[in-house]
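Each remark here refers to the structure printed beneath this line.
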Amino acid sequence: MINRNDNLSDRTRLLIKLCNDRLADAVDLQLQCKHAFWNTTALDLRKLFDEVNKSVGVYTDRLAERVVEIGGVANSTERVVPTWSHLLCPPDALCRNYASTLATTLGSFAERARQAIDRCNGFNDFASADMFTEIAYGVDKWRRTLVTI
């Protein structure tokens, strides 16, 4: 049996890995949004954390779909996330200042998305670069909102 990934170029394999790495980060970010939501009693903050989570869910789906579009398998199971995720999780993640903690994590995710833009442009994969540009913009917008709280 031939693995469909056997015929992929090295460039495509690197792009798949890049997108899967950011997919794992996005799943981790979603879990951190839910952690903040579950542990907050203020209704306005719960609503905000839920809105951030929904946006990140859209980004997670886009990343997974892009992996498949370029010939890979979207791989972000619960076992993979702790191994692959590169997001900054502040040492005080268990504190009760969830807006600040989530803002820091969003900033880390946005920075990794911007790095992915550069790598995708280097591979002449402008569709992926555009996707990461949109993700970085959206995540930065949420980060700025949370920083003001």
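The values are calculated or read from the model by the stated rules, or taken from the named source; none is laboratory data. Computed from a predicted structure; not experimentally measured. All accessible areas refer to the heavy atoms of the entire protein, side chains included, with ligands and DNA or RNA removed. Shrake-Rupley method; radii C 1.70, N 1.55, O 1.52, S 1.80 Å.
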**Asked** If ligands, DNA and RNA are left out, what is the accessible area of I70 with a 1.4 Å probe, given in Å² to the nearest 10?
**Response** 30 Å²
**Request:** At 1.4 Å probe size, with no ligands or nucleic acids counted, give the accessible surface of L31 in Å², nearest ten.
**Result:** 90 Å²
